[in-house]
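First the structure, in the form of structure tokens, and then the observations on it.
Read the figures in this text as sums done on the coordinates, not as results from a lab. Being a predicted model, the structure only gives us computed values, none of them experimental.
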Amino acid sequence: MNHTLPEDKNAMVRNKERHSHINIGLRFRVHDKWETLDALGWNDVGFHFYHIHDLHEPVLELKRGITRLDGTIVWRSPNENDEMVLAALVNELIFARSKDVVNDVALQTRLIKLIRATGMVAEKRKILASLGLDIADATLANMIAQRRQDHPMFHYGVKVESQAWCEVVEKALSVSSVVISLEKWSNALTGK
């Protein structure tokens, strides 16, 4: 398990501001299949992410829309974050419930969109409860422990040296700054 970057010249990467206030959704190729990932702690140098695959190749083939780029895995460790496992479990439970409401297309669509929203575990649990699936904390803790045993997740740090990646980051910061400004403006009007 290596939490530090291997080269001294990369030490400055840790000092750059990282962002997780919005997700950057990417796809990556593993075993000749494209899988999704959410880039977390991202900046113009790279990002980190969690996934179930135990990746050993240093180069990660990435895709954002039709744009392809490569990243280099610079560190990896087993996931010890129960919150990430809980979020994945809750999303799976919502997905299972969405299959039960095929006669209500609007509800099914809202549930699928909810799965794509990062975090919001408490809110998602309330929605599950309103759909008849109120799971006790102790039960969820057991489910988390079982999931970690059956399907361990891994945490990866990825360095990306690409103009395309810099453009993705720039666009994400531009979009998020507009959203943040609108939220501040809205809060000022409502007196929050």
Go through segment 167-173 residue by residue and turn each phi into a ³J(HN,Hα) via Karplus (6.51, -1.76, 1.60, θ = phi - 60°); whole Hz please, and just put x for glycine and proline. 5, 4, 5, 4, 5, 4, 5
Calc'd 3J(HN,Hα), segment 77-92, phi into Karplus 6.51 cos²θ - 1.76 cosθ + 1.60 (θ = phi - 60°), Hz, glycine/Pro = x, comes to 7, x, 6, 10, 9, 5, 4, 5, 5, 4, 4, 5, 4, 4, 4, 5
Could you go through segment 38-45 in sequence order and give the Karplus-derived ³J(HN,Hα) for each residue, using 6.51 cos²θ - 1.76 cosθ + 1.60 with θ = phi - 60°, rounded to whole Hz, and x for Gly and Pro? 9, 6, 10, x, 8, 7, 6, 9
